[in-house]
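Below: the structure, in structure tokens.
Here, each number is a calculation from the coordinates, and none is a lab measurement. It should be emphasised that the depicted structure is a prediction, and the values quoted were computed from it without experimental measurement.
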């Protein structure tokens, strides 16, 4: 596992990259990463573009505050993923425009929010589930994630935005970007005759590359 100091640096570097490219605005979004003795998490009401590595919040494995600035109110959401997906080394929650747009559309399939439009969304993200709306920071969000029993590496929070896990911070960020770009394509193509990947196409990708972030 990467050292805590390096993980802090990576959170700052990748968070700024997301902010600079418009994947996060203002103080929206939060990112966490597992370290040997706990979880690092971006502070509440912080801007992903201007983080200080020394001030990133730290919690122990039970969710108790250890040091740094107070972590995001969405900590319940992140902890639920770590508890149910042992392979998860990081969690990225954004309010990125197109993924959030899909989370607001009434005809988005709750069982398959991001259909297999491209091979890379299958390879890097996998199947995405829509989670019913609860207010930001509500502990019920954690319960809804636990109910999935680790079956999904990524979800859309209804009327809120995407949450994506990865084996490390880089993987989670890259998968978040892939999800957002695929969501953008889906919104752009609404009403057009779209050709999705076939079931056999998806099965081949899973056989060769693994199923999304489960590999």
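GNM remark for the chain: springs join alpha carbons under 10 Å apart, and the peak mean-square fluctuation among 93, 160, 61 falls on 61.
Using C-alpha pairs below 8 Å separated by at least 6 residues, the relative contact order for the chain is 21 percent.
Overall, the anisotropy analysis places the stretch 3-45 in the oblate class: the square-rooted eigenvalues a ≥ b ≥ c of its C-alpha gyration tensor yield a/c not less than 1.5, with a/b not exceeding b/c. When only alpha carbons are used to place a centre, the stretch 110-137 and the stretch 5-31 end up 21 Å from one another. Using a/c under 1.5 as the rounded threshold, could you call the stretch 85-162 rounded, prolate or oblate? The axes a ≥ b ≥ c are square roots of the C-alpha gyration tensor eigenvalues, and prolate needs a/b larger than b/c, oblate otherwise. Oblate. Determine the percent antiparallel among the DSSP beta bridges restricted to the stretch 127-215, to the nearest 5. Antiparallel: roughly 50 percent of the beta bridges in the stretch 127-215. Is the stretch 104-215 best put as rounded, prolate or oblate by its Cα gyration tensor, with a ≥ b ≥ c the root eigenvalues, rounded for a/c under 1.5, and otherwise prolate when a/b is larger than b/c, oblate when not? Oblate shape, in that a/c is at least 1.5 and b/c is the bigger or equal ratio.
Stokes-Einstein diffusion for the chain, with the hydrodynamic radius set to the Kirkwood value over Cα pairs and evaluated at 10 °C in a medium of 1.306 mPa s, equals 93 µm²/s.
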